[in-house]
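Q: Before anything else, here's the structure in question.
The values are calculated or read from the model by the stated rules, or taken from the named source; none is laboratory data. These figures come from a predicted structure and were not determined experimentally. Methodologically, a virtual Cβ is constructed for each residue, glycine included, from the backbone with ideal geometry; neighbour enumeration extends over all protein chains shown. Please note that ligands, DNA and RNA were not included when accessible areas were found on the heavy atoms of the full protein model with its side chains. Shrake-Rupley method; radii C 1.70, N 1.55, O 1.52, S 1.80 Å.
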Amino acid sequence: MITIKKMILLLILTVFGLTACQKKQTIEIRNDFKKYYDQFQVEGSFVLYDPQTAKYIFYNQDQYKQTFSPASTFKISRRVGGQKMKYWLDKTNYGNADTSGGIDRFWLTGGLRISPEQQIDFLKRLHDKKLPFSLRSTDIVKRIMITRDTLDYVIRAKKGWGGHESKEVGWYVGYIETNGNVYYFSNCIQIEAEKLNDTDRTYSFDHARKEIVFKILEELKLTSK
């Protein structure tokens, strides 16, 4: 017969075992990634999360929890309506869930804000099918997100560009699947709006969002040319 003391002991051992099985998070700081941002004359930050080893790789970790306009990394149809949109933002815990600024502008120049940390969290829940949407809808979104599909890896990602105070903010967020593993990434670049005063600088900023990510993934040996 199992006594109360034995049950408590078993419970403690079970909890301890579950805790012990959790992977200890590690962090690697890559200040050398600055060269890629300098190449495009932008500021910014990069984070890659490896859930297999619970490892984070950071450039400019100070921006990890800093919030910016999500721009087109968040996309809607205005027919959804403000009330329903607010409901789903709250339900999915997307950024600060602020819809102020107009139904078709809040994610560009309105009140909606999201951090690189929250982008990574949202991507993980999307990949793991833990968002409150049907599997069919989730699978459709995943297919739409494919930007590179090779024999060795698949990249699913989304770009975004919006205004934030006196700066322009560019995003490229997503994840790469390779060799049975998945790696989540967020690249957030910024530049003073007044510096985008000619076509060449505008093109360079637009291009930088993706190219910085591709250069970093290649250096980390997660992709090849």
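Q: Considering only the stretch 123-137, state which residues are out of contact with any strand residue (DSSP E or B) (no Cβ under 8 Å at 6 or more places or on another chain), closer than 17 Å to Tyr184 by Cα and open to solvent by less than 50 Å² (accessible area, probe 1.4 Å).
A: Hits for the stretch 123-137 are Arg125, Leu126, Leu131.
Q: Only one residue in Leu196, Leu123, Leu135 is without any contact (Cβ under 8 Å) to a residue 40 or more places away in the chain and under 23 Å from Ser69 (Cβ atoms), so which one is that? Write out each step before concluding.
A: Working: Leu123 fails: without any contact (Cβ under 8 Å) to a residue 40 or more places away in the chain; Leu135 fails: under 23 Å from Ser69 (Cβ atoms).
After applying the criteria, what remains is Leu196.
Q: Moving to a separate point now. Could you say which residue among Asn60, Asn31 is among the polar types (S, T, N, Q), modelled with pLDDT of 95 or more, out of contact with any Ser or Thr (no Cβ under 9 Å at 6 or more places or on another chain) and within 30 Å of His164 (Cα to Cα)? Step through it out loud before you land on a result.
A: Working: Asn60 fails: out of contact with any Ser or Thr (no Cβ under 9 Å at 6 or more places or on another chain).
Only one candidate qualifies: Asn31.
Q: Does Arg156 meet the test of being without any contact (Cβ under 8 Å) to a residue 60 or more places away in the chain and touching a strand residue (DSSP E or B) at 6+ places or on another chain (Cβ under 7 Å)? Can you show your working first?
A: Details: without any contact (Cβ under 8 Å) to a residue 60 or more places away in the chain: yes; touching a strand residue (DSSP E or B) at 6+ places or on another chain (Cβ under 7 Å): yes.
So Arg156 passes the test.
Q: Restricting to the stretch 167-225, name every residue that is under 18 Å from Asn60 (Cα atoms) and in a helix (DSSP H, G or I).
A: Ala208, Arg209, Lys210, Glu211, Ile212, Val213, Phe214, Lys215, Ile216, Leu217, Glu219
Q: Could you list all residues from the stretch 140-164 that are among the β-branched types (Val, Ile, Thr) and outside any strand (DSSP E or B)? Before you say what the answer is, go through the steps one by one.
A: Here is the first cut: in the stretch 140-164, the residues among the β-branched types (Val, Ile, Thr) are 140-141, 144, 146-147, 150, 154-155.
Matches in the stretch 140-164: Ile140, Val141, Ile144, Thr150.
Q: Quick check on the stretch 164-196: of everything there that is of a type in the set (Asp, Glu) and modelled with pLDDT under 95, which residue is most open to solvent (accessible area, probe 1.4 Å)?
A: In the first step, residues of the stretch 164-196 are kept if they are of a type in the set (Asp, Glu); the result is 165, 168, 177, 192, 194.
After this cut, where a residue has to be modelled with pLDDT under 95 as well, the list is 165, 168, 192, 194.
On the way: Glu165: 171, Glu168: 46, Glu192: 62, Glu194: 146 Å².
Checking each candidate, the answer is Glu165.
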